[in-house]
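Please read the structure below before turning to the comments.
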Amino acid sequence: MAEKLRFEDLQSQIITKRRGDDRFRKVGIIGMGVMGQGIAETVAGAGIDVIAIEKDEVHLKAGLDGLGKAMDLEIKRWGKTAAEKRAVLSRVKGSVLIADLKNCDIVIEAVDEDLALKRTIISSFYAVGKQDAVVISNTATLSLTKLAQSSKRPDRLIGMHFLNPVPHVPLVEVVRGMKTSDETYALVQAFAKRIGKTPVEVFEYPGFITIRVILPMLNEAMHALMEGIATADDIDTAMRLGYNMQAGPLEMADGMGLDEVLSMMETLWHELGEPRYRPCPLLRRLVREGKHGKKTMEGIFKYNEDGKRI
């Protein structure tokens, strides 16, 4: 009798697990830039079908090509196999029609940090999608409450702040807006674990945890470089070895994208008015010169096509 109960319990757990997976059968991702590509790879790598949306065929092709190239680099570094790449790409379908997300229970927007653009996308989705679908914003600095003002379901809007490179960083910040429901939070927390991430709960505040803490360090490293205290290489070596960091702050900024770092710093400078978030003049100059870091092959350092420092 005891063995029978154990078998029934096991069977119940299997059914429950399958039902849990059913909640995440298909996920929409809007925006296939660097972050969107990383999120798509992570979600598809967890065995979930992805519908990737871009504004036109040119950007869609660029996004899907970028995803393939990023995985080729991982194969070259022995981080993934060709079979894993084929499996991921087979689960990612591209489209330029937001209406193709109508059957998705979860939609992730990963477009530029532009409040008006994100609001438009959220409204456009709810005009054609499920009214009880959860919309996740990958914003790093914007207010979830302000984003929710354009949503028919502010209780179903929540933030997931992924860090780049998404497939390799185990953390994701799950950010509640003022009207985010407990049910939505619980669902997204389960989703985060389903795709292999460790979620941390964050209540809305400019910069959340990771961005708020890391930006002053990146900014200060740039000031040290601008003031001639040490070379860029020595600044990064000192911080990397002295504090057991995987990458120094200057290379980290290059990896994040100097234009993105500047945008986030300006947002926090505007929102909080604290001097530690005032962008270093060197950062502004590099961005004006089009030196945005690894994605342009030059920022504070220079890089090859594989993203390795020259």
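No value in this document is a laboratory result; all are computed from the given coordinates. All figures in this text were calculated on a predicted structure; none of them were measured in a lab. Virtual Cβ from ideal backbone geometry, glycine too; neighbours counted across all protein chains shown.
Table for the structure above
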quantity	calculated
Selection from Leu250, Leu272, Ala238 lying farthest towards where the dipole of segment 236-310 points positive, charges on Cβ	Ala238
Fraction of antiparallel bridges per DSSP, the chain only, in percent to nearest 5	25 percent
Segments 63-71, 156-164, 229-237, 101-109 sorted - mean Cβ within 10 Å per residue, highest first	156-164, 101-109, 63-71, 229-237
Max mean-square fluctuation residue, GNM over the chain, Cα-Cα springs under 10 Å, options Glu227, Glu266, Glu74	Glu227
Amide hydrogen neighbours beyond the local backbone of Ile108, cut-off 5 Å, H modeled	Gly28, Ile29, Ile30, Ile136
Whichever lysines have a C-alpha closer than 19 Å to that of Lys152, once near sequence neighbours (fewer than 8 apart) are set aside	Lys102, Lys118, Lys130, Lys179
Nearest 10 degrees, 0 to 90: helix 57-76 Cα axis against the chain principal axis	80 degrees
Residues of type aspartates and glutamates that Lys294 reaches as a straight line, Cα spacing below 18 Å, ignoring anything fewer than 8 places off in the same chain	Asp65, Asp72, Glu74, Asp112, Asp233, Asp236, Glu251, Asp254, Asp259, Glu260, Glu305, Asp306
Residue with peak Gaussian network fluctuation, the chain [Cα springs, cutoff 10 Å], from Gln246, Gln189, Gln131	Gln246
Glu266/Ala82 FRET efficiency (R0 41 Å; Cβ-Cβ; nearest 0.05)	0.45
Rounded to the nearest 20 debye, dipole of the chain from Cβ charges on Lys, Arg, Asp, Glu	760 debye
Gain upon complete extension [Asp72, Asn164; 0.36 nm per residue less C-alpha separation]	31.4 nm
Relative contact order %, the chain, counting alpha carbon pairs below 8 Å whose residues are six or more apart	12 percent
Whichever lysines have a C-alpha closer than 21 Å to that of Lys295, once near sequence neighbours (fewer than 8 apart) are set aside	Lys55, Lys61, Lys69, Lys76, Lys308
